[in-house]
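Below is one structure, written out as structure tokens, with a few remarks after it.
Taken together, the values in this text are just the output of simple stated rules run on the coordinates, not laboratory data. What you see is a predicted model, and the numbers here were worked out from it, not measured in a lab. Glycine gets a Cβ as well: all are built from the backbone with ideal geometry, and neighbour counts include every protein chain shown.
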Amino acid sequence: VKRLTVPQLMAYKGQKKIASLTAYIAPIARLLDESQDMILIGDSTAMVGYALPDTLSITIDQMAAHAAAVVRATRRACIIVDMPFGSYQESPEQAFRSAARMMSLSGVAGVKLEGGAVMAPTTQFLVERGVPVLAHVGLMPQHVNTMGGFKAQGLNDAAAERIFQDALAHEKAGAFGVVLEGVAEGLARRITEALSIPTIGIGASPACDGQILVTEDILGLSGDRIPKFAKQFGDAATVIRDAAAQYADSVRDGSFPTLDHCFGVKKNVG
Ligand code: KIV
Ligand code: NA
């Protein structure tokens with residue numbers, strides 16, 4: 001099995017849809033690898049995996065450790081990691097240092113970074129030095145404090161035009177794709193038609209070249225935090241809760257473990 005490359009993903013544009021989910025740990029990544037074209041180690045792990053209020057405080061080392069686990073557990077999907085807040089906004093040089101560190105620590109194929117046109121020079125700096133970049137525009141969770149919450153973007157003409165230009169700027173800069181998060185549907189469709197690189201939507205439009213969701217959201221593992229744009233496709237919560245309860249019952253009533261689960265048990269040769 002050959003791993004899907006970034007250029008191969010780009011060639012999906014106009015041919016077939018890109019299916020993508022997030023993974024932070026090996027057991028989930030292993031199960032997603034069969035079905036997903038791309039797996040993202042999202043900084044959403046701050047909220048989903050670490051129960052933090054936003055994505056701002058996750059570090060390069062945490063992201064790289066999760067990314068390395070996902071790479072080791074997969075062989076087919078193209079693996080991309082999020083650049084965490086504060087690791088790339090300062091300068092293209094800082095971004096390259098951070099991206100190179102995460103790539104060498106984990107073996108991912110590229111990075112995703114949030115930002116409008118202002119970050120396009122950084123995208124170009126990285127791509128020209130061998131780092132594939134997936135841009136992320138629209139609702140940018142790392143901007144939660146300037147937005148004043150997680151809110152859909154591009155709902156009026158001026159805002160939509162700005163986001164359109166953001167996506168265009170990253171395409172010109174050499175991004176291999178653009179994630180469109182939480183934007184007006186018509187805007188996402190318009191961007192998808194205008195760009196020659198794939199758009200990957202989340203709360204965007206069915207017209208996007210691909211879709212991405214947070215895996216815990218589709219499995220019912222996000223508690224009460226499921227956003228409007230997600231859909232629950234399965235109920236892992238019930239599976240986990242029931243297995244844990246059965247285990248606890250078995251421990252309490254003494255039916256687990258049996259001698260089959262123990263070491264050095266003399267075989268009864270009666
Ligand atoms: O962090 C994340 O999970 C993401 C995607 C859902 C796009 O950025
Ligand atoms: Na993210």
**Chain lengthening between residue 242 and residue 101 when straightened (0.36 nm per residue, less Cα-Cα)** = 46.7 nm
**Item:** Dipole magnitude of the chain, debye to nearest 20 (Cβ charges: Lys/Arg +1, Asp/Glu -1, about Cα centre)
**Value:** 780
**Request:** With unit charges on the beta carbon (Lys/Arg positive, Asp/Glu negative), name the residue among 263, 199, 176 whose Cα is farthest towards the positive pole of the charge dipole of the chain.
**Result:** 263
**segment 174-270: trypsin sites (Lys or Arg not before Pro) in DSSP loop, at most 10 other beta carbons within 10 Å** = 228, 231, 266, 267
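Are any of the pairs 17/231; 13/112; 13/151 more than 22 Å apart by Cα-Cα distance, and if so, which?
Over 22 Å apart, Cα to Cα: 13/151.
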**Message:** Given points 7 Å out from each Cα along the Cα-Cβ axis, report the residue 266 to residue 229 separation in nanometres with one decimal.
**Reply:** 6.6
**Request:** Label segment 6-235 by shape, choosing from rounded, prolate and oblate, from the square roots a ≥ b ≥ c of the eigenvalues of the Cα gyration tensor; if a/c is under 1.5 it is rounded, and otherwise prolate applies when a/b is larger than b/c, oblate when it is not.
**Result:** rounded
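With +1 assigned to the C-beta of every Lys and Arg and -1 to the C-beta of every Asp and Glu, and no other charges, what is the dipole magnitude of segment 177-270 about the Cα centre in debye, to the nearest 20?
The calculated dipole for segment 177-270 is roughly 200 debye.
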**Item:** Efficiency of FRET from Cβ geometry, residue 158 and residue 89, R₀ 22 Å, rounded to 0.05
**Value:** 0.40
**Message:** Shape verdict for segment 110-150, please, from the Cα gyration tensor: rounded (a/c under 1.5), prolate (a/b greater than b/c) or oblate.
**Reply:** prolate
**Asked** Efficiency by 1/(1 + (r/R0)^6): what FRET value for residue 1 and residue 150, r their Cβ-Cβ distance, R0 = 41 Å, to the nearest 0.05?
**Response** 0.65
**Request:** Go ahead and set up a Gaussian network model of the chain, Cα springs under 10 Å, then flag whichever of 219, 113, 126 fluctuates most.
**Result:** 219
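How high is the relative contact order of segment 6-235, given as a whole-number percent (alpha carbon pairs under 8 Å, six or more residues apart)? Each step should come with its number before you reach the end.
On the way: 482 pairs, mean separation 41.5, N = 230.
Reported as a whole number, the value is 18 percent.
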**Message:** In whole Hz and in residue order, list the ³J(HN,Hα) couplings for segment 111-118 that follow from phi through the Karplus curve 6.51 cos²θ - 1.76 cosθ + 1.60, θ = phi - 60°; x for Gly and Pro.
**Reply:** 10, 10, 9, 8, x, x, 4, 4
**Prompt:** So how far apart, in nm, are the two label points at residue 8 and residue 252 if each is 7 Å from Cα heading toward Cβ?
**Reply:** 5.0
**Complete:** Neighbour-count ranking for 78, 262 (other C-beta within 10 angstrom, fewest to most) reads 262, 78
**Fill in**
Once phi for every residue in segment 76-84 is put through the Karplus expression 6.51 cos²θ - 1.76 cosθ + 1.60 (θ = phi - 60°), the whole-Hz ³J(HN,Hα) values, with Gly and Pro written as x, are 10, 6, 7, 10, 10, 10, 6, 6, x
